[in-house]
Each structure stands twice: as structure tokens, then as C-alpha cells.
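Structure record follows, encoded as C-alpha cells.
The values are calculated or read from the model by the stated rules, or taken from the named source; none is laboratory data. Not measured: the values here are computed from a predicted model. Note that each Cβ is placed from the backbone with ideal geometry, even for glycine, and that neighbours are counted across all protein chains shown. All accessible areas refer to the heavy atoms of the entire protein, side chains included, with ligands and DNA or RNA removed. Shrake-Rupley method; radii C 1.70, N 1.55, O 1.52, S 1.80 Å.
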Amino acid sequence: MAATAYDIIKRPIITEQSMAAATEKKYTFEVAKDANKIEIAKAMEEIFGVKVAKVNTLNMQGKEKRMGARPAGRRPSWKKAMVTLTADSKTIEFFEGMV
């Protein structure tokens, strides 16, 4: 079964650091673990109608968390993508009011 663009791009990452980068047309998203940079770029262009210059990806290790004493469990690992748009591309409106 082919993954849709919405299966690849899961959610935006809203942090101080990612919001500061949004002013330079760099946006951060949680993406599917098996998605590659080309698939991520195509999904971004399809969903938001923007032009993608480059995609950087990072596999994030799940943090160890405890509930009481032991045993400690782990949060799931996930993949993060930092997407840079071209200079002539429009911005993503979703992030406009947050910066």
C-alpha cells in the first residue's frame, strides 16, 4: 500500500528553536520512520504547495521514562525532518501566528 503525503508528514514540531528557524523558511516536522528525504520533500510540496530546497533528517531516540520505581520504560523512537524552502517559495501559513 502506497503511503499518502499525510502518512509521511505526521505533525509539526513546535519549540522555541524550531519557531526561530521558521523565520528563515526552515520548518520542523515529525515524519514516518521509513520515509526518505525525497518522499518527505514531495509530501511537503503536495500538502502545503511550497517549493522545497533541501531536507535534513534525524532519527530521535525515545527517552527512558519511569513510573514510580522500576522497571523503566521507553517512549517510542521517531524521525524528525527539518525542511528548508526555496527563497522564492511561499511560507507555510500554519506557522505564521506562532513566531
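Things to note:
- Whether a residue is open to solvent by 40 Å² or more (accessible area, probe 1.4 Å) and aliphatic (A, V, I, L, M) was assessed, and A81 does not pass this test.
- Output for the range 44-78, where each listed residue is among the polar types (S, T, N, Q) and surrounded by 14 or more Cβ atoms within 10 Å (Cβ to Cβ): T57
- Scanning the range 61-81 for residues that are hydrophobic (A, V, I, L, M, F, W, C) and either at pLDDT below 95 or out of contact with any strand residue (DSSP E or B) (no Cβ under 6 Å at 6 or more places or on another chain) (or both) turns up M67, A69, A72.
- Here E45, E24 are screened, and the one residue that is under 16 Å from M82 (Cα atoms), part of a loop (DSSP other than H, G, I, E, B) and among the charged types (D, E, K, R) is E24.
- Meets criteria (surrounded by 16 or more Cβ atoms within 10 Å (Cβ to Cβ) and either in contact with a helix residue (DSSP H, G or I) (Cβ under 9 Å, 6 or more places away or on another chain) or part of a helix (DSSP H, G or I) (or both)) for E39: yes
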